[in-house]
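Presented below is the structure to which this report refers.
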Amino acid sequence: MENLELCGEDREAGAAMNAVQALDSASLVPSDGIPSQAKNPRSSTLAVLGSKPNDGLAVERSSRLSVIVPCYNEAPTVVELLRRVRAALPLSQIIVVDDGSTDGSPLELRSVVSELHVETCLLPENRGKGAAFRAGLARADREFVVIQDADLEYDPQDIDRLLSVAIGGGWDAVYGSRYLTQRRRQRGSRWNYLAVRFLALVLFLKHRLRLSDPATCYKLFRRDHLQAVVLRSEGFELCQELNRVVAEQQWRVMELPIGYHPRSRAEGKKIRAVDFWFALRALFLRSSCIVSFALLSLLFTQDWLQPHECRYFAIRPAGRNRASNFV
């Protein structure tokens, strides 16, 4: 198809279309590496949150970011979403991976490839969000990468806040959390909310990583970190595989509140109940794992409802009992 090309995981990243680089090659600012961290990175991060970024600095920051947009049957929303991403992140690399859509999404993408300087690739068949993300990650060439769904549930303007904190605080990963706000309507359906909280509990018990929203779409990483690990997820379980990688690699991760406008199944929401079980499998949940419901109270304390640095625990065997200590 004209202006769109097939993509595969075995392609080299340099073979991707570089229209966006032609647009802003004169404006790109080379990275000097990870910024030096203050003695208290949490305080410096919260200081960034409290300040209004300069527009020029925001544009400059966007040149350091690759936005990966997995797309499957999102013809009604994908063009509007891409316009919002380009407006919020003017110099970012935008990579749209069409995951075998059958509703005309490739035609919609074709109409804006040149206008919005978007890189696109087509998977020949529907394989899932994880497969689409891996195909996009192989093409990413900026310092940071972030995942963006092709619908309008998330606001791309929040991405600059995540990027600003990642750069200013030297974080390995920054997540946008739907549950660090007091607006209950952001939670979506009750069953989705309960499923996410249960996943948060399992993640804490299994990997000692505390997150308020482990299923959020907005996960921002340093590209070199992410490309150094092997990802295998095909579908929505990608989120939990990424969480497991963060815990195993002991990356420093920060959560920030973001806006969220949930849609219904009738409006095109694709995640299903069966994806919950795939998510648990991605966390390596075994039948021998006993979930302590007493720890559910931890998920609802005020401490969980604040922007925080996620803490890791060291598990020290002590006979038949185990002691947990903060590190």
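The values are calculated or read from the model by the stated rules, or taken from the named source; none is laboratory data. Quantities reported herein were computed from a predicted structural model and do not represent experimental measurements. Backbone-built Cβ (ideal geometry, glycine too); neighbour counts: all protein chains shown.
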*Pick from Leu46, Leu109, Leu23, Leu82: which is at pLDDT below 50 and touching a Leu at 6+ places or on another chain (Cβ under 8 Å)?*
Leu23
*Given (1) surrounded by fewer than 20 Cβ atoms within 10 Å (Cβ to Cβ); (2) modelled with pLDDT under 95; (3) not in a helix (DSSP H, G or I), where does Ser101 come up short, assuming only one miss?*
(1)
*What pairs can you find where one residue is in the range 196-222 and under 14 Å from Leu162 (Cβ atoms), the other is at pLDDT 85 or above and surrounded by fewer than 20 Cβ atoms within 10 Å (Cβ to Cβ), and their Cβ atoms are less than 6 Å apart, with a gap of 6+ or different chains?*
Cys217/Asp149; Arg222/Asp172
*Which residues, counting only those in the range 119-148, are over 14 Å from Leu65 (Cβ atoms) and either hydrophobic (A, V, I, L, M, F, W, C) or outside any loop (DSSP other than H, G, I, E, B) (or both)?*
Thr120, Cys121, Leu122, Leu123, Lys129, Gly130, Ala131, Ala132, Phe133, Arg134, Ala135, Ala138
*Could you tell me whether Glu80 is surrounded by fewer than 22 Cβ atoms within 10 Å (Cβ to Cβ), touching a residue at least 40 places away in the same chain (Cβ under 8 Å) and of a type outside the set (Val, Ile, Thr)?*
yes
*If you check Tyr175, Tyr193, which single one turns out to be among the aromatic types (Phe, Trp, Tyr), closer than 22 Å to Ala150 by Cα and more than 17 Å from the chain's Cα centre (by Cα)?*
Tyr193
*Which ones in the range 62-76 are within 16 Å of Leu123 (Cα to Cα) and under 18 Å from the mean Cα position of the chain (by Cα)?*
Ile68, Val69, Pro70, Cys71, Tyr72
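Kindly provide the set of residues from the range 77-95 that are part of a loop (DSSP other than H, G, I, E, B) and either over 23 Å from Leu107 (Cβ atoms) or touching a strand residue (DSSP E or B) at 6+ places or on another chain (Cβ under 9 Å) (or both), ordered by number.
Leu89, Pro90, Leu91, Ser92
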